[in-house]
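The values are calculated or read from the model by the stated rules, or taken from the named source; none is laboratory data. Small disclaimer: the values here were computed from a predicted structure and weren't measured. Positions of Cβ are generated from backbone atoms using ideal geometry, with glycine treated the same way; all protein chains shown enter the neighbour counts.
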Amino acid sequence: MKKIALFGYSSHAYVVADAIRLNGDELIGYYEKEKAHADPYGITYLGYEQDKDALTPLKANGISGFVGVGENNIRKKIMHFLKSQGVTCTPVIHPSAMVSGMATVGAGTLVAAGAKVNPLASVGAGVILNTGCIVEHECSIGDFAHIAPGAVLAGNVTVGEDAFIGANAVVKQGVSIGRNVVVGAGAVVLKDIPDNQTWVGNPAKEIRK
């Protein structure tokens, strides 16, 4: 049984908390700038991670962290800070998710309920594989990306760091999606997307700023 502390405690963090509990792991509490107004899981407020000595109990007792923040850039910033402070982040895999023994999942990554990760897929650190998404064989997903609920990545798809693939989007086999790309909900991506672009529609096309 693992002992895990949450960083962030609202919205997306509730999904993470549920998975931790269902796995039989111990959710020891949460870190936030201030105590949360809502506490649906009845867990302990541990303080603000930026405060001096706030992280000492984790490091002293071998407790892992998990950043339960949906926004890619904020999740990335907090995870980098925790690493600099010697706090280890653990992956959280919902018991109903299916992850091939031939796939790899990085530190601080969530594989949510019903998600599937097939053989030889490589998933980076701090990634969100949200409810019911499918990551097919030999896909590569960069750090701090978010694959939203119901999205489908066919085989050999590459998704760059910090990218967001919207709910129920479909990415054709072999397509490469760059860093910091946004793919809108329900989009059908049939060709490669360069870094820092936003694509929507069926077939997906760039939205020019």
Practice problem: Determine which single condition Gly24 fails, assuming it passes every other condition in (1) in contact with a helix residue (DSSP H, G or I) (Cβ under 9 Å, 6 or more places away or on another chain); (2) of a type outside the set (Asp, Glu); (3) at positive phi. | Solution: (1)
Practice problem: Could you please tell me which pairs satisfy a Cβ distance under 7 Å, a separation of 6+ or placement on different chains, a first residue in the stretch 59-72 that is in contact (Cβ under 8 Å) with a residue 12 or more places away in the chain, and a second residue that is buried (at least 19 other Cβ atoms within 10 Å of the Cβ) and among the charged types (D, E, K, R)? | Solution: Val67/Arg75; Val69/Arg75; Asn72/Asp162
Quiz item: In this structure, does Val189 turn out to be outside the structural domain of Tyr14 (by the TED database), touching a Leu at 6+ places or on another chain (Cβ under 8 Å) and crowded, with 23+ Cβ neighbours inside 10 Å?
Solution: no
Practice problem: Having 2 or more residues that are closer than 30 Å to Val135 by Cα is the bar; report the helices (runs of 4 or more DSSP H) wholly within the stretch 6-112 that clear it. | Solution: 12-22, 72-84
